[in-house]
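J.: One structure is given below, represented as structure tokens, and several questions about it will come after.
The values are calculated or read from the model by the stated rules, or taken from the named source; none is laboratory data. These numbers come from a predicted model, not from an experiment. Backbone-built Cβ (ideal geometry, glycine too); neighbour counts: all protein chains shown. Just so you know, the surface numbers come from the protein's heavy atoms only, side chains and all, with ligands and any DNA or RNA stripped out. Shrake-Rupley method; radii C 1.70, N 1.55, O 1.52, S 1.80 Å.
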Amino acid sequence: HSYEPQLVGLFNAFLQRKEGSALLVAALKEKTIRTDAAVIGQRAIAASGQPHEDLAAALAAAAKITTGPRQLSPEEMAKVVAAVKAHGNPARGEAIFRRAELNCLKCHAIGDAGGLVGPNMLSLGSTAQLDYIVDSMLNPGKNIKEGYQTIVVQTVEGKVLSGIKLRQSDTDLIIRDSEDREVSIPLNQIDEQTNGTSLMPTGLFDRLTESEFRDMVAFLSALGRLPEYTVKPELVIRRWQHLNPTAPATTAIKTSSSKTATQDSPDFQWQTIYSTVAGNLPLGEVPTLRSRYGLKPTDLGSSFLRANLDVVQGGQAKLVVKPTAGVSVWIDQTPYDLASSPAIEWTPGQHKITV
């Protein structure tokens with residue numbers, strides 16, 4: 001997926017202009033493109049908050065895929081619900097939910113882990129029936145929760161912006177876009193404002209197999225209902241950042257020490273990653289850096305993680321990391337001894353934990 005950021009930028013450049021979508025439709029006529037490119041385009045359309053139906057159809061035709069909202073008959077829905085109850089696997093479903101290409105956690109949080117663009121999934125399984133979950137996944141524009149209706153804003157310069165409305169002052173409209181960023185738009189620059197579609201892409205699950213879809217529904221229906229998929233009240237770090245394995249980052253650490261990762265440096269690119277519902281961080285999702293000399297071709301090297309701790313009121317508390325083998329920890333710039341796990345005198349304010 002190394003080309004994905006460039007493709008996202010390309011699609012957004014067209015979607016943010018008045019005639020951009022029509023130009024792309026014309027360029028795609030009688031052309032064949034890769035399925036992945038079409039899927040990235042479909043996601044860009046969804047993130048724009050506008051349907052762009054002609055472009056969605058042109059992408060699907062060029063990639064020879066079918067997509068769109070699916071309305072199940074009562075008989076079809078009953079079959080899906082029965083299959084989820086009989087064969088759905090929540091553990092496999094959580095792994096699918098966490099897949100980077102689906103971007104679920106980019107918009108939806110489970111407790112404190114995830115984005116804020118879509119509704120929090122914390123207790124979905126205890127409040128929603130299976131048929132409602134299935135219907136919302138297949139037809140995301142049908143059941144938009146209050147407070148998550150998108151708005152589409154066209155500026156006097158012809159730029160198109162979309163997102164969830166957060167607030168409005170005397171001078172600006174503030175929205176949260178699909179990248180979970182707050183965007184401020186001066187009111188005197190707004191030419192037109194309309195209600196948009198769901199930011200969740202229609203047809204997002206068309207590329208899942210039936211069993212994968214079943215497992216995903218099983219996971220969502222377990223949230224807040226089954227004990228092992230209920231967020232516990234313990235203080236667990238759920239929002240992390242991992243260090244991307246770029247050449248500058250690898251060189252910076254290789255020529256100094258692991259402690260260099262505790263510093264803010266232009267050589268370092270950090271990317272957000274979230275824990276599972278149980279509070280664990282799957283290390284298989286964390287990239288490694290070949291940050292030491294003399295590594296064999298089969299050696300993975302090291303992974304670097306960091307998290308921010310906001311101490312509201314000072315006091316003593318331990319930091320517990322499991323497992324401890326092969327793990328080094330710094331609090332701000334100070335090494336922390338995991339073997340003895342001494343109590344730390346935390347001072348109010350922001351503290352950075354690097355692992």
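J.: Per residue, how much accessible surface does the chain expose to a 1.4 Å probe? Answer in Å², no decimals.
T.: 56
J.: If exposed means no more than 11 neighbouring beta carbons inside 10 Å and the site is in a DSSP loop, what's the longest run of the chain without any exposed GluC sites (Glu not before Pro)?
T.: 235-355
J.: Then there is this: So which residue, out of Thr276, Thr251, Thr197, gets the largest mean-square fluctuation from a GNM of the chain using Cα contacts under 10 Å as springs?
T.: For the chain, modelled as a Gaussian network with Cα springs under 10 Å, the answer is Thr251.
J.: A further question follows. How large a share of the accessible area of region 110-206, in percent, is made up of carbon and sulfur atoms when the probe is 1.4 Å and the other protein chains stay in place?
T.: After summing per-atom areas, the C and S share lands at 44 percent.
J.: Also: How much net charge surrounds Glu4 when only other residues with a Cβ under 10 Å from its Cβ are counted (Lys, Arg +1; Asp, Glu -1)?
T.: Around Glu4, the charge tally is -1.
J.: Select from Leu243, Leu235, Leu130 the residue whose mean-square fluctuation is largest in a Gaussian network model of the chain (Cα-Cα springs shorter than 10 Å).
T.: Residue with maximal mean-square fluctuation among Leu243, Leu235, Leu130: Leu235.
J.: Moving on to the next point. Starting from the Cα of Arg225, move 7 Å in the Cα-to-Cβ direction to define the label point; list residues of region 111-142 whose amide nitrogen is under 12 Å from there.
T.: Label zone hits: 123-134.
J.: Would you look at the GNM of the chain, springs on alpha carbons closer than 10 Å, and say which of Ala57, Ala247, Ala46 moves the most?
T.: Among Ala57, Ala247, Ala46, the largest GNM mean-square fluctuation belongs to Ala247.
J.: Could you give log10 I(q)/I(0) at q = 0.14 Å⁻¹ for region 120-170, computed by the Debye formula over C-alpha point scatterers of equal weight, without solvent?
T.: -0.55
J.: Now for a different question. Determine the principal axes of the Cα atoms in the chain, then give the extent along each, sorted from largest to smallest and rounded to whole angstroms.
T.: Each principal axis gives a Cα extent; for the chain these are 61, 52, 52 Å.
J.: Kindly provide the trypsin sites (Lys or Arg not before Pro) of region 61-111 that DSSP labels as loop, not H, G, I, E or B, and whose Cβ sees at most 14 other Cβ atoms within 10 Å.
T.: Here the sparse-neighbourhood loop sites are Lys64, Arg99.
J.: Relative contact order, percent, of the chain when contacts are C-alpha pairs under 8 Å separated by at least 6 residues?
T.: That works out to 15 percent.
J.: Quick one: Cα centre-to-centre distance for region 281-299 and region 143-193, in angstrom?
T.: 42
J.: Below 15 angstrom from the Cβ of Ser328, what's the summed charge of the other residues (Lys, Arg +1; Asp, Glu -1)?
T.: Taking every Cβ under 15 Å from that of Ser328, the sum is +3.
J.: Report in % the part of the accessible area of region 234-355 that belongs to carbon and sulfur, leaving out ligands and nucleic acids; probe 1.4 Å.
T.: 53
J.: Further, regarding this structure: Please compute the contact order of region 1-132 in relative form: average sequence separation of alpha-carbon pairs under 8 Å and at least six residues apart, divided by the residue count, as a percent.
T.: Over region 1-132, the number comes to 15 percent.
J.: Please give the net charge around Gly279, taking every other residue with its beta carbon less than 9 angstrom from that of Gly279, where Lys and Arg add +1 and Asp and Glu add -1.
T.: Taking every Cβ under 9 Å from that of Gly279, the sum is +1.
J.: Turning to a different aspect of this structure: Tell me, what are the semi-axes, in whole angstrom and largest first, of the equivalent ellipsoid of region 2-63 as set by the roots of 5 times the Cα gyration tensor eigenvalues?
T.: Equivalent ellipsoid of region 2-63: 15, 14, 10 Å, largest first.
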